[in-house]
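Novice: Before anything else, here's the structure in question.
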Amino acid sequence: MTDAVARIVDGLRDAGFSITPLKASPLWQVDGRGPMSTGQLIDLASKVRMSGGKLH
């Protein structure tokens, strides 16, 4: 995992999301949202920042 992706994942976890990498897959499991690609995580993080809070 690159530093940039680690920062995005950490930021989403700080916002209350539970995120785990899926084994043998480039996807991430996001509780309440299902499997997401790294691009989708970036989009979610952007939406969280724009909302100023959680998007659960």
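The numbers here are math on the coordinates, done by the rules we state, and not lab data. As the structure is a prediction and not an experimental result, all values here were calculated from the model.
Novice: Could you work out how much longer the chain between Thr38 and Arg13 gets when fully extended? Use 0.36 nm per residue separation minus the Cα distance between them, nm to one decimal.
Specialist: Residue separation times 0.36 nm, minus the Cα-Cα distance, leaves 7.6 nm.
Novice: Work out Dmax and Rg for the chain from the C-alpha atoms and quote the Rg first, both in angstrom.
Specialist: When restricted to the Cα atoms of the chain, Rg and Dmax are 10.4, 33 Å.
Novice: Work out from phi, with θ = phi - 60° and the Karplus expression 6.51 cos²θ - 1.76 cosθ + 1.60, the ³J(HN,Hα) of each residue of region 14-29, listed in order in whole Hz, and give x for Gly and Pro.
Specialist: Here the 3J(HN,Hα) series is 4, 7, x, 7, 9, 10, 9, x, 8, 5, 6, 8, x, 8, 10, 8 Hz.
Novice: So what is the 222 nm mean residue ellipticity for the chain from helices alone, if each DSSP H run of at least 4 adds -39500 (n - 2.57) and you divide by all residues, rounding to the nearest 500 deg cm²/dmol?
Specialist: -14500 deg cm²/dmol
Novice: While we're on this one: Expressed as a rounded percentage, what relative contact order does region 13-56 have, with Cα pairs under 8 Å and six or more residues apart?
Specialist: Relative contact order of region 13-56: 31 percent.
Novice: May I ask you to compute the full-extension gain from Thr20 to Thr2, defined as 0.36 nm times their residue separation minus their alpha-carbon distance, rounded to one decimal in nm?
Specialist: Using 0.36 nm per residue and subtracting the Cα-Cα distance, I get 5.0 nm.
Novice: Enter the angle in degrees (range 0 to 90, nearest 10) between the Cα long axis of helix 38-51 and the first principal axis of the Cα atoms of the chain, meaning the one along which they spread out most.
Specialist: That works out to roughly 10 degrees.
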